[in-house]
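Chemist: Dumping the structure here so I can ask a few things about it.
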Amino acid sequence: MASRTILFIKSEVGFITQAITKNLKDVGFNVIETGDNLDDINYHRSFADMIIYYVSGSKKMIAQRMSFLTDICNEYNKTLCLVGDERCIAEAQNTDNGQRIVGTYKRPIDIRELVIGMLNQFDMHREYERTKSILLVDDDVDFISVASLWLDDEYKVDGLCSGKEALRYLDRYRPDLILLDYDMPELDGYEVFEKIKKNPLIAHIPIIFLTGKNDRETVMKIINRKPDGYLLKSMGRTELLNSIDGFFADSALSI
């Protein structure tokens, strides 16, 4: 990914769009300009850290674009900002995906405010990227609460109580690591593991099994599933943090 790169999506070229591009370049951003075309947007998505969408068009078109851009932002950890007139921005904010917007700049656009805003968003985006995200899946609500509290100072943690919820979550988000309880009702950890590994979009996400049992039979059964590791749920805060820190450190060295 290019450093300090913005994908600027707009349906037409005019004085305002040219001024936005120029001022962003003046402070060091690399700006990739593209038309409001799904193929072009999809082609350029991997080159940019952040996306500016100059909102325009009908309510239906705006909803379609927001759905498309939100999927890109969720899957590739992009930041989405909007510029445009008040009506179009309101239409975008009122869609099901409006919560993904991190900044809005309504006409008449204050270019200086936009540039400062994008500099701040870039800093926050970089900080977010440095923070690894963990999906914790366990039917024990108390364990989720405690483990999340222990990990929260160093990691972004989302906790879910069932395998079905985890699979729905993975339709939209891509955590850096999944901590998955091996023994769960309805859909157990191994079944969730198998479904994830059969899906090419998420099969790359590492999975560490959690287990409350440390007898040889259980441990061997887990190891034979070939996860990226396993952890005992009885471990304390320091041991858990050291294990997760060590996993990410080893992963970075193997790249």
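Chemist: Step by step: first the residues of region 44-60, then only those that are touching a Ser or Thr at 6+ places or on another chain (Cβ under 8 Å) and modelled with pLDDT of 90 or more, then the one that is farthest from Gly98 (Cα to Cα). Which residue is that?
Modeler: So the first thing to find is which residues in region 44-60 are touching a Ser or Thr at 6+ places or on another chain (Cβ under 8 Å), and the list is 44, 47-51, 54, 56-57.
Still in the running and modelled with pLDDT of 90 or more: 44, 50-51, 54, 56-57.
Details: His44: 22, Met50: 16, Ile51: 14, Tyr54: 15, Ser56: 15, Gly57: 16 Å.
Of everything passing the filter in region 44-60, His44 is farthest from Gly98 (Cα to Cα).
Chemist: Give the number of residues within region 65-96 that are among the polar types (S, T, N, Q) and closer than 16 Å to Arg45 by Cβ.
Modeler: Number of matching residues: 5.
Chemist: Only one residue in Asp40, Asp71 is out of contact with any helix residue (DSSP H, G or I) (no Cβ under 6 Å at 6 or more places or on another chain) and without any contact (Cβ under 8 Å) to a residue 24 or more places away in the chain, so which one is that?
Modeler: On the way: Asp71 fails: without any contact (Cβ under 8 Å) to a residue 24 or more places away in the chain.
None of the other options fit; the residue is Asp40.
Chemist: Still on this structure: Among the residues of region 184-191, is there at least one that is surrounded by 13 or more Cβ atoms within 10 Å (Cβ to Cβ), of a type in the set (Asp, Glu) and over 18 Å from Asn74 (Cα atoms)?
Modeler: yes
Chemist: Tell me which residues, restricted to region 157-207, are charged (D, E, K, R) and within 16 Å of the chain's Cα centre (by Cα).
Modeler: Residues of region 157-207 charged (D, E, K, R): 158, 164-165, 168, 171-172, 174, 176, 181, 183, 186, 188, 191, 194-195, 197-198.
The answer is Asp158, Arg168, Asp171, Arg172, Arg174, Asp176.
Results for (1) of a type in the set (D, E, K, R); (2) in contact with a helix residue (DSSP H, G or I) (Cβ under 7 Å, 6 or more places away or on another chain), shown as yes or no for each residue.
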residue: Leu180; (1), (2): no, yes
residue: Leu187; (1), (2): no, yes
residue: Lys197; (1), (2): yes, no
residue: His204; (1), (2): no, no
residue: Thr211; (1), (2): no, yes
residue: Glu217; (1), (2): yes, no
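Chemist: Just one of the numbered conditions (1) surrounded by 16 or more Cβ atoms within 10 Å (Cβ to Cβ); (2) out of contact with any strand residue (DSSP E or B) (no Cβ under 6 Å at 6 or more places or on another chain); (3) free of Cβ contacts under 8 Å to residues at least 24 places away in the same chain; (4) of a type in the set (Val, Ile, Thr) is not true of Val146; which one?
Modeler: Val146 satisfies every listed condition except (1).
Chemist: Before we move on, is Pro200 closer than 19 Å to Asp138 by Cα and surrounded by fewer than 17 Cβ atoms within 10 Å (Cβ to Cβ)?
Modeler: Criteria not met by Pro200.
Chemist: Now a separate question. When only residues in region 162-183 that are touching a strand residue (DSSP E or B) at 6+ places or on another chain (Cβ under 6 Å) and buried (at least 18 other Cβ atoms within 10 Å of the Cβ) count, which is modelled with the lowest pLDDT?
Modeler: Tyr182
Chemist: Looking at region 61-71, can you tell me whether even one residue there is of a type in the set (D, E, K, R) and modelled with pLDDT of 90 or more?
Modeler: Yes, some residue in region 61-71 is of a type in the set (D, E, K, R) and modelled with pLDDT of 90 or more.
Chemist: Hey, another quick one. Looking at this structure, is Leu119 of a type in the set (A, V, I, L, M), assigned to a helix (DSSP H, G or I) and in contact with a Lys or Arg (Cβ under 7 Å, 6 or more places away or on another chain)?
Modeler: No, not satisfied.
Chemist: Could you say whether any residue in region 212-228 is over 18 Å from the mean Cα position of the chain (by Cα) and among the small types (Gly, Ala, Ser)?
Modeler: yes
Chemist: Against the conditions (1) touching a helix residue (DSSP H, G or I) at 6+ places or on another chain (Cβ under 7 Å); (2) touching a residue at least 40 places away in the same chain (Cβ under 8 Å); (3) closer than 20 Å to Thr131 by Cβ, where does Tyr230 fall short? Just the number, please.
Modeler: Against the list (1) touching a helix residue (DSSP H, G or I) at 6+ places or on another chain (Cβ under 7 Å); (2) touching a residue at least 40 places away in the same chain (Cβ under 8 Å); (3) closer than 20 Å to Thr131 by Cβ, Tyr230 comes up short only on (3).
The values are calculated or read from the model by the stated rules, or taken from the named source; none is laboratory data. The shown structure was predicted, so the numbers you read here are calculated from the model rather than taken from an experiment. Virtual Cβ from ideal backbone geometry, glycine too; neighbours counted across all protein chains shown.
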